[in-house]
Amino acid sequence: MPSEPRHVWVDGALADADARHLSAFDRGFQLGDGVFETLRARGGRSTELDQHLARLRASADGLGIALPPTAEDTITRGIDALLKAEGLATPDGDAAVRITVSRGPFLGRGLLVPPGAIDGATVVVQAWPVTSVPAELIERGLHVVTSAVRRDPSSPLGALKTTSRADHVYARIEAHKAGADDAVFLTIDGYVSEATTANVFCVRGTRLETPSLDCGILAGTTRDWLLGWAGRSGLEPIETRLLPGDLATADEAFLSSSVAGVLPVTRYDAHTIGDGKPGQWTKRARADREAFIRDGSGATTT
Ligand SMILES: Cc1ncc(COP(=O)(O)O)c(C=O)c1O
């Protein structure tokens, strides 16, 4: 299959994608003791790479995973080498890039690793061609349901992008069982948090509303961009606490993430959002974000 990667970058070198790479003792595999980032690279140029590398380091620091001071340069070279090897650095190349860092292999047992027992973190870069979201999904909009999994905004782990994603996998399975496309987490006190791999936005009149950072969300790079975009485009950006009823009664709603960009949402649980079709602001946000990823432009469509 052409979309299957042929290479992977592991600890400083390219390897065949189907070779054996990591130790079975790796803490990432054993315990989800790791952090990661996913980003989009068009024409070999990584979108918002600095923001992703800063969040990767902040997540690693948060879990006490030591990254050398040169890690950002090494990872950047790794991305370049991998994109070239995969044929995704061409002018029309469009890649989803994942950087994964785990604490590394530890031959002992237990949650804590004695000082000096691990030589260094495991660092992996993967890349896949971006397959465009099916046109019919963009036209009908996503259907999302509320997950039974709740978010605790006071958890120190909420802001870290860790590889412990069982909650997210569980919620996506819930969504598929319900015949929906994705699930939305609520906080333990009942506010809208985020979707399984994306932030949530609502358009209400001329307001662009999104859950604030105290709602157990990941501070998405695309979310940041959209808050700036709103100001430039004639929408008032509002970070606030949203109740499920606020999402259900919005004029428009959409999800945002680095790889998929802006995805319209037209159904939330039993509610039709707006007129049940992707709204004008949503379409404009999607087009402008795609243009920004393509050529770095900050322009907005009119
Ligand atoms: C749980 C979660 N929230 C939000 C996002 C969006 O973040 P970004 O825009 O930086 O991709 C992601 C992206 O993977 C995510 O996994």
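The values are calculated or read from the model by the stated rules, or taken from the named source; none is laboratory data. Worth saying up front: this structure is predicted, and the values here are computed from it rather than measured. Positions of Cβ are generated from backbone atoms using ideal geometry, with glycine treated the same way; all protein chains shown enter the neighbour counts. Side chains included, ligands, DNA and RNA excluded: accessible areas come from the protein's heavy atoms. Shrake-Rupley method; radii C 1.70, N 1.55, O 1.52, S 1.80 Å.
Going by the structure shown, is His176 without any contact (Cβ under 8 Å) to a residue 60 or more places away in the chain and under 22 Å from Ala135 (Cβ atoms)?
Yes: the conditions hold for His176.
To keep it simple, each residue is scored yes or no on (1) more than 24 Å from Leu39 (Cα to Cα); (2) open to solvent by 30 Å² or more (accessible area, probe 1.4 Å).
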position	(1), (2)
Cys215	no, no
Thr222	no, no
Ala230	no, no
Gly234	yes, yes
Leu242	yes, no
Leu247	yes, no
Ser257	no, no
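Anything in segment 1-51 that is acidic (Asp, Glu), surrounded by fewer than 15 Cβ atoms within 10 Å (Cβ to Cβ) and in a strand (DSSP E or B)? List them, or say none.
Passing the criteria: only Asp16.
When you scan segment 7-52, how many residues do you find that are in contact (Cβ under 8 Å) with a residue 40 or more places away in the chain and either in contact with a helix residue (DSSP H, G or I) (Cβ under 7 Å, 6 or more places away or on another chain) or acidic (Asp, Glu) (or both)?
Residues flagged as in contact (Cβ under 8 Å) with a residue 40 or more places away in the chain and either in contact with a helix residue (DSSP H, G or I) (Cβ under 7 Å, 6 or more places away or on another chain) or acidic (Asp, Glu) (or both) within segment 7-52 amount to 21.
Filter segment 95-136 for residues that are surrounded by fewer than 18 Cβ atoms within 10 Å (Cβ to Cβ) and closer than 29 Å to Ala287 by Cα and give the result.
Arg98, Trp128, Pro129, Thr131, Ser132, Val133, Pro134, Ala135, Glu136
Go through (1) part of a helix (DSSP H, G or I); (2) closer than 22 Å to Ala285 by Cα; (3) touching a strand residue (DSSP E or B) at 6+ places or on another chain (Cβ under 7 Å) for Gly228 and report which single condition fails.
(3)
When only residues in segment 211-225 that are in a helix (DSSP H, G or I) and more than 11 Å from Val200 (Cβ to Cβ) count, which is farthest from the ligand (Cβ to nearest atom)?
If we take residues in segment 211-225 being in a helix (DSSP H, G or I) and more than 11 Å from Val200 (Cβ to Cβ), then Asp214 is farthest from the ligand (Cβ to nearest atom).
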